[in-house]
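The values are calculated or read from the model by the stated rules, or taken from the named source; none is laboratory data. In this text, all values refer to a predicted model and were calculated from it rather than measured experimentally. Cβ placement follows ideal geometry from the backbone for every residue including glycine, while neighbour counts extend to all protein chains displayed. Please note that ligands, DNA and RNA were not included when accessible areas were found on the heavy atoms of the full protein model with its side chains. Shrake-Rupley method; radii C 1.70, N 1.55, O 1.52, S 1.80 Å.
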Amino acid sequence: MWWDERVSARFRRNLQPTLTYWSVFFSFGLCIAFLGPTLLDLRCQTQSSLSQITWVFFSQQFCLLLGSCLGGVFKRTLAQSLLALFASSLAISLVFAIIPLCHNVVLLAVVMAVAGLAMGCIDTISNMQLVKIYQKDSAIFLQALHFFVGFGALLSPLIADPFLSDTNCILANGTANASSNLPHIRKSLLPHHPGNLSHYDLPMKGMVVTRVSYAFWIMALINLPVPIAVFFLLYKERMVPCFNGSSHPLLSADELALETRPGDKDELPATGQRPHTAAGHEDLFSCCQSKNFRGASYTYFAVHITGALVLFMTDGIVGEYSGFVYSYAVEEPLAVVHKVAGYLPSLFWGFITLGRLISIPVSYRMKPATMVFINVVGVLITFLLLLIFSSSVVFLFVGTASLGLFLSSTFPSMLAYTEDILQYKGCATTVLVTGAGIGEMVLQLLVGSIIHDRGSYSFLVCGMIFGCLAFTFYALLVFFHRMYPKPS
């Protein structure tokens, strides 16, 4: 393999938990991207207005952020973590199955809020568990973890597409006129931002004609093996309530050899030693307790804050770019045809997924700090070129692909870098996940209001400013890293 025998042996010892955490993140990706393309059919199903149905976006995103903050609560023991992942992944399958039965927009928003909570827990716990198992070797496994998010985010719109309505799915007087706006509206409803749709008029009453229910039931079935995989891991770890009387299995010969090797004793993974505590990784509220601050230097806080601010900016760029690149493309001076512009968000997410796949072997040969530096500089250069060639449709597609590649590995690389600085004893995972979630929500709202007031060109200007801020915060992080006390 392209990694050394030590990392390979560690991966083999932790094969089942690692694959389980990766599969759970596939559930996360599957759930994050389906709402945009299916929202018009869901509007027909609930017979609600476009302004009412777009609140479903907010309920999901807000509860995702809340779930990320609270996810660390279930990290106190391995049993709690796995039970929380089992409940969250099962909840996502249930949400997919229940959505076709939601004929009221408030009920749909509540169901999507439950999905958001489950996604937030998955986000925090899976990252924490992989960091805990692999520690200094975690970068490569975090890159693979976030690849599965992109894979799920690509798959769910493809599943939904054959079942989407070609015409307005509420048949009433004026349907023919309203149907001509449908392709434009649907492409405006993206996974991260519903867009400004108040000037579109679609009928709210009439006979509902939609087949989108089949898409959700298919996704529920596709996701069902994930909670089953988590349950099998619980069973293997003797943590299923009905089967917890047996003792843990003894170490294998390979694990015993590693246990007795000089210098490697401290690297025995979590599943080999079966630790049931999670020192150093807590929920956001526990991290803020005064007992955690005693004796901590100011650089301890600075590393947490600057790391979170870098992800606040970069994840915010992911949200605002995927949410507004279509609207930017169809406006003057580019005036891209709506059908062609609709490929831009898919291109962006496709290259994010490709970049995460490429980053898996690259992260083994390159330090996380170097990868983050390349990412933020690449984002800056891409936005600069997009501003210079703002009248070129071809370069808009090239720049979108380039931006997806550079943003793809920023989160896992930053997480590995920050945890390494803190020697895996701080609250970096919780703080960084929370900062990224807040950035994705806040910057979308900010950019949306700026574009509304200043025009579509401000979309690229905002991206350039956010990229500069991300680079500045990264430079501060490197500065505080140099000042952070080295381990004795």
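For segment 459-465, just list the computed ³J(HN,Hα) in residue order, Karplus coefficients 6.51, -1.76 and 1.60, θ = phi - 60°, integers in Hz, with x standing in for Gly and Pro.
These are the phi-based 3J(HN,Hα) values: 4, 6, 4, 4, x, 5, 5 Hz.
Determine how large the accessible area of Arg6 is when every protein chain is in place; take a 1.4 Å probe and give Å² rounded to the nearest 10.
80 Å²
Could you work out, for segment 32-139, what percent of all Cα-Cα pairs fall into each 5 Å distance bin, beginning at 0 Å and stopping at the bin that holds the largest distance?
Taking every Cα pair in segment 32-139, the percentages come to 2, 13, 21, 20, 15, 11, 8, 5, 3, 1, 0.
Protein chains only, probe 1.4 Å: how do Ser413, Ser213 rank by accessible area, largest first? Could you put the intermediate results ahead of the total?
On the way: Ser413 0, Ser213 25 Å².
So, going from the largest accessible area down, we get Ser213, Ser413.
Once the Cα atoms of segment 297-487 are picked out, what are the Rg and Dmax in Å?
Every Cα atom of segment 297-487 included, Rg and Dmax give 17.0, 58 Å.
Whole Å is fine, so just give me how far the alpha carbon centre of segment 341-369 lies from that of segment 77-110.
Answer, in whole Å: 28.
Take the Cα atoms of segment 1-45, build their convex hull, and give its volume per residue in Å³.
Working: hull volume 3.8 nm³, N = 45.
Cα-based convex hull of segment 1-45, divided per residue, equals 85 Å³.
Using a 1.4 angstrom probe with every protein chain in place, what is the largest-first accessible-area order of Phe58, Phe459? Numbers along the way, then the final one.
Values: Phe58 100, Phe459 0 Å².
Descending order: Phe58, Phe459.
Please compute the Cα-Cα pair-distance distribution of segment 402-478 with 10 Å bins starting at 0, giving whole percents from short to long.
Pair shares across the bins are 15, 43, 30, 10, 2.
Using protein chains only and a probe of 1.4 angstrom, how many square angstrom of Leu155 are accessible, to the nearest 10?
50 Å²
Using a 1.4 Å probe on the protein heavy atoms, what percent of the accessible area of segment 297-487 belongs to carbon and sulfur?
Working: 5420 of 7460 Å².
The C+S portion of the solvent-accessible surface of segment 297-487 is 73 percent.
Based on the Cβ-Cβ distance from Asp453 to Lys236, what FRET efficiency comes out when R0 is 56 Å, to the nearest 0.05?
Values: r = 56 Å, r/R0 = 1.00.
Efficiency computed from Cβ-Cβ geometry: 0.50.
Output the peptides 88-99, 9-20 sorted from most to least packed, where packing is the average of other Cβ atoms within 10 Å over each peptide's residues. Don't jump to the answer; show the numbers that get you there.
Working: 88-99: 22.8, 9-20: 18.2.
Answer by packing, highest mean first, reads 88-99, 9-20.
In whole angstrom, and with the biggest value first, how far do the Cα coordinates of segment 75-128 range along each principal axis?
39, 14, 13
Sort Ile381, Ile53 from largest to smallest accessible area, using a 1.4 Å probe on the heavy atoms of the protein chains.
Working: Ile381 90, Ile53 0 Å².
Reading off the accessible areas and sorting them downward yields Ile381, Ile53.
Could you state the accessible area per residue of segment 297-487 in Å², with a 1.4 Å probe and every protein chain left in place?
Values: 7460 Å² over 191 residues.
I get 39 Å² per residue for this part.
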